[in-house]
Amino acid sequence: MIPIIEVQNLHYRYHDGTEALRGVSFKINEGECVGLIGPNGAGKSTILLHLNGLLPENKPRSPAILLAGQPITDESLLEVHKFVGLLFQNPDDQLFCPTVSEDVAFGPKQFGEPEEVVRNLVQDALNKVGLSGYDNRSAHHLSGGEKQRVCIAGILACQPRLFALDEPTKDLDPRGRRELKKLLKSIPTTKIIASHDLEMITELCSRTLVLDRGKIVADGPTVDLLSNEELMLVHGLEKPHILKHRHPHL
Ligand code: ADP
């Protein structure tokens, strides 16, 4: 089976010289939901930005990333944005249209879907995220949680093969977190979720990648890695509460 995504020895240095990724390799198969965890500055966002082609900026693309076996090229960027739907940390970075329906329609329109199809995709996506009837509202007047749902609807409307989420619970209150987890569970698309919210990672992701200083330091079943206190501590993390009573070797 060809993996949905394969990253082979990815290196990246920002313009100021910061070495953010130092040889990252992993594969994700169709249907998986994979957690990406690690301390601040580990390189999580940098990886996600590479997956949908937003990085490298003004630099030659290396063949380090394969989407369904195909390398990302400058010519394939539009297809890449469609293939990998990226949810940014801050919804305000993703919303720029006067109304919710225009924001959700933006992606499918860009990918050349006919108007009638776009209308259906928008309604379907708003329905899935629980925002039916919000079409003519201005996204900028919605709550943080609702804005995030609009962003998720915009991604669903593009029908991506891989859904990449950067810190999706960061600004949510406990109820917002619960609702988001429920929503993500209901979306069957292959996912990679970067987060410090290890409870959510435990609940949603059967497999986890641990990243530290630009390198993958562990890749395996979430429950095994996250209940390994030594591994968590060494990499600036903490065994989550829901696993507190689980012994690492059981
Ligand atoms: P994480 O998402 O795990 O917190 P990031 O991918 O944001 O990590 O950052 C990885 C490293 O790259 C950090 O050292 C960070 O300071 C650096 N970095 C991130 N964005 C930039 C940027 N635009 N310019 C320079 N350095 C950056």
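The values are calculated or read from the model by the stated rules, or taken from the named source; none is laboratory data. Everything numeric in this text was worked out from a predicted model, so none of it was measured. Don't worry about glycine lacking a Cβ; one is built from the backbone with ideal geometry, like all the others, and counts go over all protein chains shown.
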Q.
Consider region 41-51. How many of its residues are of a type in the set (S, T, N, Q) and closer than 15 Å to Lys27 by Cα?
A. 0
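Pick out the one residue from Lys27, Lys44, Lys82 that is without any contact (Cβ under 8 Å) to a residue 60 or more places away in the chain and either closer than 24 Å to Glu167 by Cα or within 14 Å of the ligand (Cβ to nearest atom) (or both).
Of the residues listed, the single one that is without any contact (Cβ under 8 Å) to a residue 60 or more places away in the chain and either closer than 24 Å to Glu167 by Cα or within 14 Å of the ligand (Cβ to nearest atom) (or both) is Lys27.
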Q: Considering only residues that are over 20 Å from Ala157 (Cβ atoms) and buried (at least 22 other Cβ atoms within 10 Å of the Cβ), look in region 47-79 and name the one that is nearest to the ligand (Cβ to nearest atom).
A: Ile47
(Q) For region 146-163, which positions are within 17 Å of Arg178 (Cα to Cα) and surrounded by fewer than 24 Cβ atoms within 10 Å (Cβ to Cβ)? (A) Glu146, Lys147
Q: Sort out which residues of region 92-138 are closer than 19 Å to Leu184 by Cβ and either of a type in the set (Val, Ile, Thr) or more than 24 Å from the chain's Cα centre (by Cα) (or both), and write them in order of number.
A: Val104, Val129
Q: Could you list, in sequence order, all residues of region 21-37 that are buried (at least 22 other Cβ atoms within 10 Å of the Cβ) and out of contact with any Lys or Arg (no Cβ under 6 Å at 6 or more places or on another chain)?
A: Leu21, Val24, Gly35, Ile37
(Q) Of all residues being more than 15 Å from the chain's Cα centre (by Cα) and closer than 20 Å to Ser45 by Cβ in region 156-176, which is farthest from the ligand (Cβ to nearest atom)? Just the residue, please. (A) Leu172
Q) Restricting attention to region 183-193, does a residue exist that is closer than 16 Å to Lys44 by Cα and within 15 Å of the ligand (Cβ to nearest atom)? A) yes
Q: For region 128-139, indicate whether the set of residues that are at pLDDT below 95, within 16 Å of Asp103 (Cα to Cα), out of contact with any Phe, Trp or Tyr (no Cβ under 6 Å at 6 or more places or on another chain) and buried (at least 20 other Cβ atoms within 10 Å of the Cβ) is non-empty.
A: yes
**Q.** Residue in region 187-201 that is touching a Cys at 6+ places or on another chain (Cβ under 8 Å), in a helix (DSSP H, G or I) and buried (at least 19 other Cβ atoms within 10 Å of the Cβ) present
**A.** no
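Counting just the residues of region 1-24 that are touching a helix residue (DSSP H, G or I) at 6+ places or on another chain (Cβ under 7 Å) and farther than 14 Å from Pro71 by Cα, which one comes out nearest to the ligand (Cβ to nearest atom)? Spell out the reasoning first.
Just the residues of region 1-24 that are touching a helix residue (DSSP H, G or I) at 6+ places or on another chain (Cβ under 7 Å), to begin with: 5, 10, 12, 20-21, 24.
So of that shortlist, the ones also farther than 14 Å from Pro71 by Cα come out as 12, 20-21, 24.
Working: Tyr12: 8, Ala20: 4, Leu21: 8, Val24: 11 Å.
Ranking the qualifying residues of region 1-24, first place goes to Ala20.
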